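Take a look at the structure below.
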Amino acid sequence: MAVVVRSDDGSAGDADYGAIGTSYARYRRPDPRIAARISQALGAARTVLNVGAGAGSYEPADRQVTPVEPSAAMRAQRPAGLAAAVDAAAEDLPFPDGAFDAAMTTFSVHQWGDLRAGLREVRRVTRGPVVILTCDPALLRRFWLTEYAPEVIDTEARRYPAVEALSDGLGGPVAVNVVPVPLDCTDGFNEAYYGRPEALLDPAARLSCSAWSFVGAAVHDRFTRDLSRDLADGTWDGRHGHLRTQPAFDGSLILAISDEPKVSW
């Protein structure tokens, strides 16, 4: 059993959601097109474990979902219609072997203190597919944000696990598909604003992307100053204006799917 270090809020990873998570329910609303891809990957599963469930984004309404979320601030933002989240961390799941038809986790694996232990636990309690919505660190620099806040992209590249680490923790290969990000994406992760750069000038929007909490005020100030200037004088649109009407962006967002257990626990 892995030793899990948790903050006062209960957050089990490197980000303190007691400090940064208060706006997630407002800015990180599930996008239905991304949700449809997750639902398809879950197949015919009726019972689904959602690890790092947060405020409940992407939990399918037509299945029996058991959410797990260590942060009290995130659990408090769950809508009344969703199941109450179990207070636990990925590395120490309080369920018997093979308890669920499938498991899912969205924008969560990069927060886990011990990725391999967490993935082994998820695989242990899951009979069928494990579906992971995350970002591929090798693809992050496709996004224009690297020109304005390379420190944020560098932070994400350090935190998001490589696909090889996911397959290693799950005990076998994973199928990986790039997920197109829609132009009007309602889930406010950084790349959701690929064609709406003005939105990232909102400090609360940035705070709802945990990587921004790892860079100092100087980075936020420089980003705001430089992007505001380039929007005002047309520089940003000269470089990237085509993105304002591009229906979708193939960036770093991926679905990694492990269809069945490859090892015996």
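The values are calculated or read from the model by the stated rules, or taken from the named source; none is laboratory data. What you see is a predicted model, and the numbers here were worked out from it, not measured in a lab. Ideal geometry is used to build each Cβ from the backbone, glycine not excepted, and the neighbour counts take in all protein chains shown. The area values use the complete protein model at the heavy-atom level, side chains included, leaving out ligands, DNA and RNA. Shrake-Rupley method; radii C 1.70, N 1.55, O 1.52, S 1.80 Å.
Amide H contacts under 5 Å for residue 83: none, restricted to partners 5 or more places along the chain or on a different chain, H placed in the peptide plane at 1.01 Å from N.
Taking label points 7 Å from Cα along the Cα-to-Cβ direction, residue 214 and residue 162 give a separation of 1.6 nm.
Report in % the part of the accessible area of the chain that belongs to carbon and sulfur, leaving out ligands and nucleic acids; probe 1.4 Å. Answer for the chain is 53 percent, counting heavy atoms of protein chains only.
On the beta carbon distance between residue 231 and residue 87, with R0 = 35 Å, the FRET formula returns roughly 0.25.
What's the FRET efficiency of residue 248 with residue 76 using the Cβ-Cβ distance as r and R₀ = 25 Å, to the nearest 0.05?
Numbers: r = 33 Å, r/R0 = 1.33.
The calculated FRET efficiency here is 0.15.
Per residue, the range 60-174 exposes an accessible area of 37 Å² to a 1.4 Å probe, with every protein chain left in place.
Suppose we look only past 20 Å in the calculated P(r) of the range 115-193. What percent of the Cα-Cα pairs does that tail hold? Here the tail beyond 20 Å accounts for 42 percent of pairs. Our summary of shape: the Cα atoms of the range 107-150 have principal axis extents of 43, 21, 14 Å, ordered from largest down, in whole angstrom.
On a 1.4 Å probe surface of the protein chains, which of 151, 91 comes out largest in accessible area, and what is the full order? Please list the in-between numbers first.
Details: 151 60, 91 10 Å².
Largest accessible area first, the list is 151, 91.
Here the simple spin-label model places points 7 Å from the Cα toward Cβ, and for residue 178 and residue 201 these points are separated by 3.0 nm.
Two decimals is fine: what's Rg over Rh for the chain, C-alpha atoms, Kirkwood radius as Rh?
Details: Rg = 18.2 Å, Rh = 18.8 Å.
Reported Rg/Rh, Kirkwood definition of Rh: 0.97.
For the range 23-149, what value does the Rg/Rh ratio take when both radii are computed over Cα atoms and Rh is the Kirkwood radius, given to two decimals? List each step's numbers first, then the result.
Working: Rg = 14.7 Å, Rh = 15.2 Å.
Reported Rg/Rh, Kirkwood definition of Rh: 0.97.
Separation of the range 39-78 and the range 197-265, taken as the distance between their Cα centroids, equals 24 angstrom.
Applied to the range 202-219, the Karplus parametrisation 6.51 cos²θ - 1.76 cosθ + 1.60 on θ = phi - 60° returns per-residue 3J(HN,Hα) values of 7, x, 5, 5, 5, 5, 7, 10, 4, 4, 5, 6, 9, 10, x, 4, 4, 5 Hz, with x for Gly and Pro. Note on exposure: 65, 179 ranked by accessible area (1.4 Å probe, complete protein assembly) read 65, 179, with the most exposed listed first. Over all Cα atoms in the range 145-265, the spread is summed up by Rg and Dmax: 17.1, 60 Å.
Against the chain, whose longest principal axis is taken from its Cα atoms, helix 32-42 shows a tilt of about 30°.
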